[in-house]
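I have placed the structure first, in the form of structure tokens, so that the comments after it can refer back to it.
The values are calculated or read from the model by the stated rules, or taken from the named source; none is laboratory data. None of these values were measured; they are calculated from a predicted model. Because the Cβ atoms are built from the backbone with ideal geometry, glycine has one as well, and the counts that use them run over all protein chains shown.
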Amino acid sequence: MGGFPKARQYLLSLFKLFFPPACPLCGHTLSNNESDPLCSACLAGFNSLPDAHCPLCSLPFAGTSNSSHLCGRCIAHSPSYAKVYAVGLYDQSLRRAIHQFKFNRKVGLDRSLGKLLDRAVDRYLDIDLVVPVPLHRKRLQQRSYNQALLLARAFARIRKLPVATDLLIKICETEAQQELSAKERAKNLQGVFKLQKEVSESTILLIDDVLTTGATAEACSQVLLAGGAKVVYVAVIGRAP
Ligand SMILES: [Zn+2]
Ligand SMILES: [Zn+2]
């Protein structure tokens, strides 16, 4: 019986010899470390968060000064979520990668981004449930998949956690938020998210692709906390500067 895993290993290495794994972002052959989520050139292109950033919402600070204080926005309006984890800065390469992921789905990219999320989120965080930021039904029909759900699934598979696919829903369609100020965004999102049932899990990790002003995360977090969650953490791929 012991021979079977060996035979499987052999077949697998043979397969890899003829079909070497490729970087899901740029298509280049992944050379050495297969556990790497992307090729080294793609990974090197991403800008990580600077050391100086808000410890709560991860907003990067200009300059390299003391990074232990909260940002102005978190001081003025303390968010309901406990902390934002981010893979990197939402600029240049990471912005392109997220765009590829969002608008022309590339095979395997969700797995790679899930691995990056796994590296970004505190390993000792005791998470009960992973919740993706939902899309409105209409938007889902246009795009055919919810990028946040794909990320949530990829992350949860690595951490062996449950994903709530239909706990939180978006009941109203909202316009594109890019042109709106932080205040307008928050107003735009009032009453937009709803829970389908009560939350029985205490610690929730909310997942989205990008965090800009945090208005979406805040709106979802408030609904989850009101529905029974004790604490909500947020994890995103890109944190807008
Ligand atoms: Zn690459
Ligand atoms: Zn902040």
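May I ask you to verify whether Arg119 is out of contact with any helix residue (DSSP H, G or I) (no Cβ under 9 Å at 6 or more places or on another chain) and either of a type outside the set (D, E, K, R) or away from ligand 1 (no atom under 14 Å from the Cβ) (or both)?
yes
Being assigned to a helix (DSSP H, G or I) and touching a residue at least 24 places away in the same chain (Cβ under 8 Å) is the filter here, so list the residues in the range 184-217 that pass it.
Arg185, Ala186, Asn188, Ala215, Thr216, Ala217
Looking at the range 38-47 only, could you name the residues that are surrounded by fewer than 14 Cβ atoms within 10 Å (Cβ to Cβ) and touching a residue at least 12 places away in the same chain (Cβ under 8 Å)?
Ala41
Of the residues Pro20, Pro37, which single one is modelled with pLDDT under 90, in contact with a Lys or Arg (Cβ under 8 Å, 6 or more places away or on another chain) and outside any helix (DSSP H, G or I)?
On inspection, the qualifying residue turns out to be Pro37.
Look through the range 151-173, keep the residues that are aliphatic (A, V, I, L, M) and part of a helix (DSSP H, G or I), and return whichever of them is nearest to Cys220 (Cα to Cα).
The extreme case among them is Ala152.
Given the conditions (1) closer than 17 Å to Ala235 by Cα; (2) assigned to a loop (DSSP other than H, G, I, E, B), which single one is not true for Lys102?
Among (1) closer than 17 Å to Ala235 by Cα; (2) assigned to a loop (DSSP other than H, G, I, E, B), Lys102 violates only (2).
For the range 66-89, does any single residue satisfy the condition of being away from ligand 2 (no atom under 15 Å from the Cβ) and loosely packed, with under 13 Cβ neighbours inside 10 Å?
No, every residue in the range 66-89 fails to be away from ligand 2 (no atom under 15 Å from the Cβ) and loosely packed, with under 13 Cβ neighbours inside 10 Å.
Any idea which residue in the range 99-138 is modelled with the lowest pLDDT, counting only those that are under 27 Å from Leu225 (Cα atoms), touching an Asp or Glu at 6+ places or on another chain (Cβ under 7 Å) and of a type in the set (D, E, K, R)?
Going through the qualifying residues, I end up with Lys138.
Just checking, which of Arg185, Arg159 is more than 22 Å from Lys106 (Cα to Cα) and modelled with pLDDT under 90?
None of the others qualify; the one that does is Arg185.
Run down Ala52, Ala76 and say which single residue is at pLDDT 90 or above and touching a Phe, Trp or Tyr at 6+ places or on another chain (Cβ under 6 Å).
Sole residue among the options that is at pLDDT 90 or above and touching a Phe, Trp or Tyr at 6+ places or on another chain (Cβ under 6 Å): Ala52.
When Thr216 is evaluated against the numbered criteria (1) closer than 24 Å to Ile127 by Cβ; (2) surrounded by fewer than 22 Cβ atoms within 10 Å (Cβ to Cβ), which criterion, by number, is the only one it fails?
Unmet for Thr216, out of (1) closer than 24 Å to Ile127 by Cβ; (2) surrounded by fewer than 22 Cβ atoms within 10 Å (Cβ to Cβ): (2).
Quick check on my filter: what residues within the range 144-183 are surrounded by fewer than 18 Cβ atoms within 10 Å (Cβ to Cβ), of a type in the set (Lys, Arg) and either outside the structural domain of Ala120 (by TED's automatic domain parsing) or free of Cβ contacts under 8 Å to residues at least 40 places away in the same chain (or both)?
Lys160, Lys183
Tally time: how many residues in the range 45-89 are hydrophobic (A, V, I, L, M, F, W, C) and part of a loop (DSSP other than H, G, I, E, B)?
So the count comes out to 12.
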